[in-house]
Amino acid sequence: MTKKSSSFASKPPLLHLAFLIVVLLVLITLRDQLSPWTVGLRGVRVAVGGSTEQTAAAIPNDRLLGGLLSSDFDEESCLSRYQIALYRKASSHILSPYLLSKLRKYEALHKKCAPNTPLFQKSIEQIKLNYSTDQLECNYVVSSPYDGIGNRMLALTATFLYALLTDRVMLMHQLDDMVDLLCEPFPGTTWYLPSDFPIQGLEWHNKHSQNSYGYLVEKNLINIDPKASPSSLPSSIYVHLMNDMQDDHLHVRFFCDDDQLVINKINWVLLRTNQYIIPGLFIIPKYAEELERMFPSKETVFHHLGRYLLHPSNTVWGMIMRYHNSYLTKSKERIGIQVRNFSYWAPISAKKAYEQVVRCTQQQLILPGVNLNQSQTSPSTSTEATAKTVLLVSLSREVYERLYNLYFEHPTTTGQMISVYQPSHEEKQKFQNKFHNYKAMVEIWLLSFSDVLVTTAISTFGYVSYSLAGIKPWYLQTAIMDQNITNPSCRRALSIEPCYHTPPHFNCKTGGNVDPRSIVHHVRQCDDDYYHEPAIKLYDD
């Protein structure tokens, strides 16, 4: 029995073409109708109040952030990695192709050398035998970040740059209060140090530890000889780069060329810091050319590496999205304000902090003034396009309440509607508390979505926020030891880089002191920190 040909196949070619055109037009129409809701991330639908058009427009944005991120991840395992482009403005800071190639090469190295691989186990055996060998394919640096979340994010990123410079694999020593804060940053593998790592208690290591580089040099157990053979060196060392390292010049020798030549032959480097040590890496001559190729723009180091490395876990991202979609989508201009009280050396009352915020934001035309003698008796003429949303982040509730009441009780001089929100108010910093760290992560990332940022000078929390955002903040000046706040109460940052508060000032050639600001011209005094002397920061020329 002869089969009948299909009716479609039997039609003339012109009819085929007409039919296909009609189908295509229908699909385009449906796409346009659905576009305000469709994100294109595995069918995830996002409705964020008045910002649905922004979300749709963000679809073409490079979800890989200009090639910064690898596409080799299961999106559901870390929603923030590819969704962040929908909530943060595209970066205006150009990426170096060389940096991108370094990241791809690093990812391959990490996968080859990660925990649970044969090469990793071979390196673990070196620790147990306590000698190094030049035959090993994989060398490691272990980051043991310390202090608050801002310090830890800076420390992780700085250690990662050191890994890139030295062809090491970076692993993170994860404490209980860091569990489920961040996603795995490297595809197909883990960056967590196994719990059965032979060297335990990294969180208790200090400048007096007998496996520290400074101690080993002092006791002549390590000879600072660039020609030293790996077999003459230990298989692991602890590097102490905390804020107290200046008490002993032996620890700051880490930033010397000859010492780096020796350290590079040691299989395991256990690095503990609570500082942003990256400007210190820039003053090491050995790495100058490599850093220049990776970062032609010096003030973008954390901006690029932080966006590559630091991705909130799904737990934290869920909290970020719930708050953002509930409160921060009502206007097209978002103002982030972060208020930090350094109670030990720069105390400030909540009332004075509030007054400082108002002076700063109104003097710099960030927020409008108010008619104090007039109450809100008539509807605002503000529209979505002119309204401003303020996200205030502070441990104190009082600063928020004062600012909220100011704009709730009085009309603005411009007719704009100002909404003020505060996600949390813990009243004091709670160390080693996972849920406190969750909230801190949420607030840092929410701040990084801002169009304008006002942050407290010298605050690492603020550093991470504005560096991720890629915008220069206004610094709220700190009043050192009960001095009065200077006028103006804030000033604009000159770089988006964080500050290294306690850098080395050790002359590697003479053994005396040297001002690190005199070594490299793009390393200069921090524009927000005159309390630590010298504190250094990276600037473009």
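Counting only helices (runs of 4 or more DSSP H) wholly contained in the range 238-331, the ones carrying 1 or more residues that are over 30 Å from Ile418 (Cβ atoms) and open to solvent by less than 10 Å² (accessible area, probe 1.4 Å) occupy 249-252, 257-263, 278-282, 288-294, 301-309. The sole residue among Tyr531, Tyr539 that is in contact (Cβ under 8 Å) with a residue 60 or more places away in the chain, open to solvent by less than 60 Å² (accessible area, probe 1.4 Å) and either under 24 Å from Ala155 (Cβ atoms) or out of contact with any Ser or Thr (no Cβ under 6 Å at 6 or more places or on another chain) (or both) is Tyr539. Within the range 190-233, count every residue that is open to solvent by 20 Å² or more (accessible area, probe 1.4 Å), over 23 Å from Tyr146 (Cβ atoms) and not in a helix (DSSP H, G or I). Selection size over the range 190-233: 9. Only a single criterion out of (1) open to solvent by 20 Å² or more (accessible area, probe 1.4 Å); (2) assigned to a helix (DSSP H, G or I); (3) in contact with a Leu (Cβ under 8 Å, 6 or more places away or on another chain) is not satisfied by Gln126, namely (1).
For the range 155-176, enumerate the residues that are touching a residue at least 24 places away in the same chain (Cβ under 8 Å) and either in contact with a His (Cβ under 8 Å, 6 or more places away or on another chain) or outside any helix (DSSP H, G or I) (or both).
Residues of the range 155-176 that are touching a residue at least 24 places away in the same chain (Cβ under 8 Å), as a first pass: 155-173, 175-176.
Across the range 155-176, the qualifying residues are Asp167, Arg168, Val169, Met170, Leu171, Met172, His173, Leu175.
Of everything listed in (1) closer than 30 Å to Asp258 by Cβ; (2) among the basic types (Lys, Arg); (3) in contact with a Ser or Thr (Cβ under 7 Å, 6 or more places away or on another chain), the single unmet condition for Lys330 is (1). Taken over the range 141-161, the residue count meeting the criterion of being under 17 Å from Lys265 (Cα atoms) and surrounded by fewer than 23 Cβ atoms within 10 Å (Cβ to Cβ) is 1. Let me spell it out: the conditions are (1) of a type in the set (S, T, N, Q); (2) exposed (fewer than 15 other Cβ atoms within 10 Å of the Cβ); (3) at pLDDT 95 or above, and Thr361 meets all of them except one. Which number is the exception? So the condition that Thr361 fails would be (2).
Selection of first residues in the range 239-263 that are at pLDDT below 85 and of second residues that are assigned to a helix (DSSP H, G or I) and of a type in the set (D, E, K, R), restricted to Cβ pairs under 9 Å at least 6 apart or on distinct chains, gives the following pairs, ordered by first then second residue: Asp248/Glu218; Leu250/Glu218. Close Cβ contacts (under 8 Å, 6 or more residues apart or on different chains) running from residues in the range 498-515 that are in a loop (DSSP other than H, G, I, E, B) to residues that are basic (Lys, Arg) and open to solvent by less than 40 Å² (accessible area, probe 1.4 Å) comprise Pro498/Lys537; Cys499/Lys537.
The number of residues in the range 456-510 being within 15 Å of Arg340 (Cα to Cα) and at pLDDT 90 or above comes to 16. When residues in the range 217-243 are screened for being more than 23 Å from Ile127 (Cβ to Cβ) and out of contact with any helix residue (DSSP H, G or I) (no Cβ under 9 Å at 6 or more places or on another chain), 1 of them pass. One residue stands out in the range 46-65 among those that are assigned to a loop (DSSP other than H, G, I, E, B) and surrounded by 15 or more Cβ atoms within 10 Å (Cβ to Cβ): the one that is modelled with the highest pLDDT, namely Leu65.
The values are calculated or read from the model by the stated rules, or taken from the named source; none is laboratory data. It should be emphasised that the depicted structure is a prediction, and the values quoted were computed from it without experimental measurement. A quick note on method: Cβ atoms are made from the backbone with ideal geometry, for glycine too, and the neighbour counts reach across all protein chains shown. Surface areas here come from the heavy atoms of the whole protein model, side chains and all, with no ligands, DNA or RNA. Shrake-Rupley method; radii C 1.70, N 1.55, O 1.52, S 1.80 Å.
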